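Beneath this line is the structure, given in structure tokens, with notes to follow.
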Amino acid sequence: MEVLRKSFHESLTLVSEAINSASFLAIDAEFSGLKVKWGVENSFDTPQERYSKLKEGSKDFIIIQFGLCTFEWDNELELYIAKPFNFYIFPKVWNRQCPDVRFLCQSSSIDFLTEHNFDFNKLFYEGISYLRPHDEQKLRDHFIARNTQDSFTSTSLTSPDSTSKTSGGSSQKALIMKVPPEHREFVEKACDSIQEMLTDPEGKVTRVPPCNGYLRKLIYQTAKQRFKAGIHMEAAMNEKKERFIVVTKVNEDEKKKLEDEKQAKEDQLIENAVGFSQVVKMISQSGKVMVGHNMFLDLIHTVDQFLCPLPEYLEDFKATISAVFPKLIDTKVMANTQPFRDLIPSSVLADLVKHVSQKPFEKAAAKFDEKFSCYVEKPPKVNVSPDSFLVAPFLNKIFVMRMEDIPYLNLAGPDLSPSRDHVFYLTFPSDWKQGDILDLFSNFGFVYISWINSTSAFVSLARRENANQVLNKLDYEGECYTIVSYAEHTKQFEGSYEESVEYTRQTPLKRPRQMEMSACKTSSPLEVQANKSKDNTSSELEDGEIVDDEESPEPAKKKMKKEDRAFEEPEEW
């Protein structure tokens, strides 16, 4: 079901019922962009480093479409009833107190969405607004303060001419705004027009000419003192977007009715502004299992856009996620770990759907609700409960892209801490290429190179038993490169960070190369990446993900068997 601004409020009840009755939920989001700069992520990032990079890289983009599908188990039919919702999201400014959001668009992401028939007209014309709870409260406080100012029953504001006749103390006088001489004529004319309306038996409504907020406040303040009762004042806007005051002659019943109508309009405006944040709140309060695929960015954007600013530290982010979405399943983690990884050659979403639709897998028993007629598919007869022992090991584990030995973040506890004794930090001249590094490590077997920039990289040994020989044979003074263990590099880098001193990597002159002719061709990272893409016949990218070869050189590496992967999984997997 497509949900737009004009149909959002009437759809809320249906969305709420679907969430509350669901056995589990599935989500997916589309963004205005993915990254400010490609290539900042490294295969040997720590979980905190990777979180910080994603947090920084995603802060200028927003969610522009949010997909939600609820799955409710039907005991009679013995299958899941699916109810999909598709929300267009756009930060419309309903009031000057609402944030005027500024965001970037990334051409590759927009191109991807266009190719998949994304309707940008619906986004900008009918996108649903949103507010964080803090911004919602700020808007409510604004209306409360304004209504207190406008109210004729309030004693907080009085005319400057009446201060001597009232019993207010110094605090009351502090709230009084004196009418400057240059504005007295305008304010007096406004009050005279109100007086004429009141004395005219046929008079019912008068309008004060358009003016700024300061003048309107002076008029409210003066009229409140001069006319104790019998009128209702309310700001309005004409076709030129100019604000003015409408004054209506009323009795007490009519005044109460007008005030109720005004309150209803303000409540409606607040509800429109809060918009999609209501759906996020429903999902959070339900406590249901929430399923996604490669959902780290989805969670980062959802928290930052609809709930609260992202915390600086990963542990605080985990605590936030655990509080608002306590049960998460990432299907990319499932596809890359046992018992499924040996059965699924590719975890890219499109490939994953294809593989789990074939033997030895069977599609889950599910069909779409009759109200969602645009989705038609004959349901199979297989069921896996979200509480199944097959699902439990993957709960609250979120996949992390391009991490060599940490395949996921554990939101419910400590992250994996693999040994990196076989990894070394290498600095070298800027004109070195992949072949230079392969030559340097040629005596230690196959290596994997994870480039940091043009003068530094992490080098990982496939044969870990050779790790204790590297520094003894390569760490010599006078060479044009420097090499330290991963542990030493981390210690140096963290120490320099704590002292707020930039950790610079000195690169001496280039080391002379004496390479023997061999079958191994020396090539640049860009050449290797290009060759990789030619030989790769299977999909390697997630939906919307674009590889920028020029900024993100990724060296070729020997394809390792799944059982040889660096990370170790829990025993029960």
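The values are calculated or read from the model by the stated rules, or taken from the named source; none is laboratory data. Remember, predicted model here, so these are calculated numbers, not experimental data. Cβ atoms come from the backbone with ideal geometry, glycine included; neighbour counts cover every protein chain shown. Protein only, heavy atoms only, side chains kept; ligands, DNA and RNA dropped before computing areas. Shrake-Rupley method; radii C 1.70, N 1.55, O 1.52, S 1.80 Å.
Assorted remarks:
- Only one of the numbered conditions (1) more than 16 Å from Arg132 (Cβ to Cβ); (2) within 16 Å of the chain's Cα centre (by Cα) is not met by Leu343, and that is (2).
- Comparison of Asp316, Asp330 shows that the only residue that is without any contact (Cβ under 8 Å) to a residue 60 or more places away in the chain, in the same structural domain as Arg102 (by the TED database) and under 21 Å from Thr46 (Cα atoms) is Asp316.
- Cross-chain or 6+ apart pairs with Cβ under 6 Å, segment 192-221 first and touching a residue at least 40 places away in the same chain (Cβ under 8 Å), then assigned to a helix (DSSP H, G or I) and of a type in the set (Ser, Thr, Tyr): Thr206/Ser193
- Taking the listed residues Ser419, Ser357, Ser373, Ser347, the one that is of a type in the set (Ser, Thr, Tyr), out of contact with any helix residue (DSSP H, G or I) (no Cβ under 8 Å at 6 or more places or on another chain) and modelled with pLDDT of 85 or more is Ser419, with no other qualifying.
- Scope segment 411-437; condition in contact (Cβ under 8 Å) with a residue 60 or more places away in the chain and under 30 Å from Lys327 (Cα atoms); matching residues: Leu411, Ala412, Asp415, Leu416, Pro418
Quick grid of which residues meet (1) modelled with pLDDT under 90; (2) part of a loop (DSSP other than H, G, I, E, B); (3) within 14 Å of Ile245 (Cα to Cα):
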residue	(1), (2), (3)
Ser167	yes, yes, no
Ile176	yes, yes, no
Phe186	no, no, yes
Gln225	yes, no, no
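- In the set Asp60, Asp74, only one residue is acidic (Asp, Glu), open to solvent by 40 Å² or more (accessible area, probe 1.4 Å) and within 16 Å of Asp304 (Cβ to Cβ); that residue is Asp60.
- Qualifying positions in segment 327-343 - surrounded by fewer than 17 Cβ atoms within 10 Å (Cβ to Cβ) and either modelled with pLDDT of 95 or more or not charged (D, E, K, R) (or both): Gln338, Pro339, Leu343
- Residue in segment 464-471 that is in a loop (DSSP other than H, G, I, E, B) and either in contact (Cβ under 8 Å) with a residue 60 or more places away in the chain or open to solvent by 30 Å² or more (accessible area, probe 1.4 Å) (or both) present: no
- Given (1) in a strand (DSSP E or B); (2) surrounded by 19 or more Cβ atoms within 10 Å (Cβ to Cβ), number of the condition Asp45 does not satisfy: (1)
- Flag for Gln278 being within 26 Å of Ile144 (Cβ to Cβ), part of a helix (DSSP H, G or I), in contact (Cβ under 8 Å) with a residue 24 or more places away in the chain and open to solvent by 30 Å² or more (accessible area, probe 1.4 Å): yes
- Test: residue in segment 448-463 that is modelled with pLDDT of 90 or more, of a type in the set (Ser, Thr, Tyr), in contact with a His (Cβ under 8 Å, 6 or more places away or on another chain) and surrounded by 13 or more Cβ atoms within 10 Å (Cβ to Cβ): yes
- For the criterion of being of a type in the set (Ser, Thr, Tyr), open to solvent by 60 Å² or more (accessible area, probe 1.4 Å), over 30 Å from Lys217 (Cα atoms) and part of a helix (DSSP H, G or I), Tyr125 passes.
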